[in-house]
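Shown next, in structure tokens, is the structure this report addresses.
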Amino acid sequence: MPPVFRFAPSPNGYLHLGHALSVLLNAKLAAAAGGRLLLRIEDIDEARCKPEFEAAIYEDLAWLGVAWEEPVRRQSDHLAEYRAALAKLDAMGLVYPAFESRSEIARIVAEREAASGQPWPRDPDGGIRYPELGKNVPAEERCRLIDAGAPYALRLDMTAALARTGPLDWNEAGETVEADAAPWGDIILARKDTPNSYHLSVVVDDALQGVTDVVRGRDLLPSTAAHRVLQSLLGLPAPRYHHHRLILDAEKRKLSKSTAATGLRELRARGASPAQIRSAVGLD
């Protein structure tokens, strides 16, 4: 079977040079391997994802000369599949609701830091590692809060999950990398008003689409450890991974969709050609 690659943007802004590098590299590697290139629209975040941004994705990619297979998978059309995966994890006793807001978590952690004089652990993205407060809420209280309409997040009990999976690793461009997911802590799998998180949906999508090669930015490399845990728990295959370099701005920061100077639409409006975009991202 030919290898299957994918490009999976979120329609919450316009594409920039970083996206151009990723999709062009995926297309290049797929062509070199005689493989397929899929396009997936990750549009779960209803508050930020807009139809005009999705339409712009198709327009920008076509302008770049990228061809993808139809139909395009849109995450918002597959919520039942994510719910089924979440239910499977819940049946294993690995999911629990957490009712604290981000501000409450930050306040509690700040108090613990002040009391101990030690910094609280951060996750690989630099965020506060969840202090597992929800694990201490009695079942009756959980039910009462949910019935009362309290907002909550459904989290993975990472300690219990790792006890089930044992050691894991992944193939990173031909090299074996140890999957150390413990630093992530109890990641969010879904929220009351959002049927799934990025972590859960991406592993379900890749498996259902038969993706064999995940080529994405280096900023997502740490997430792969958490993804390997979910793949193992759900009995999903592990693709090969390749985390490519990032395109940085003048301050050496990862590009943002709000950076007009590197947006593909803005560059095109200024007269840039697809060939110049390829040169700008180092893929002449």
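The values are calculated or read from the model by the stated rules, or taken from the named source; none is laboratory data. Here the structure is a predicted model, which means the values were calculated and not measured. Counting neighbours? That spans all protein chains shown, and the Cβs are built from the backbone with ideal geometry, glycine included.
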*asked:* If I ask for residues that are aliphatic (A, V, I, L, M), in a loop (DSSP other than H, G, I, E, B) and within 18 Å of Ala67 (Cα to Cα), which ones from the stretch 1-23 would you list?
replied: Ala8, Leu15
*asked:* For a quick check of your reading: which strands (runs of 3 or more DSSP E) sit entirely within the stretch 169-284 and have at least 3 residues that are in the same structural domain as Asp123 (by TED's automatic domain parsing), within 20 Å of Leu156 (Cα to Cα) and at pLDDT below 95?
replied: none
*Kindly check whether there is at least one residue in the stretch 45-54 that is assigned to a helix (DSSP H, G or I), in contact (Cβ under 8 Å) with a residue 24 or more places away in the chain, surrounded by 13 or more Cβ atoms within 10 Å (Cβ to Cβ) and assigned by TED's automatic domain parsing to the domain that holds Arg278.*
yes
*When you go through Ala207, Ala225, Ala181, Ala161 one by one, which is the residue that is surrounded by 20 or more Cβ atoms within 10 Å (Cβ to Cβ), within 27 Å of Pro3 (Cβ to Cβ) and in contact with a Leu (Cβ under 7 Å, 6 or more places away or on another chain)?*
Ala181
*asked:* When you scan the stretch 64-75, do you find a residue that is touching a helix residue (DSSP H, G or I) at 6+ places or on another chain (Cβ under 6 Å), of a type in the set (Phe, Trp, Tyr) and either touching a residue at least 60 places away in the same chain (Cβ under 8 Å) or exposed (fewer than 15 other Cβ atoms within 10 Å of the Cβ) (or both), even just one?
replied: no
*Keeping to the stretch 61-108, report how many residues are part of a helix (DSSP H, G or I), more than 19 Å from Arg40 (Cβ to Cβ) and of a type in the set (Ser, Thr, Tyr).*
1
*Assuming Ala179 fulfils every condition listed in (1) over 22 Å from the mean Cα position of the chain (by Cα); (2) in contact (Cβ under 8 Å) with a residue 40 or more places away in the chain apart from one, which condition is it?*
(1)
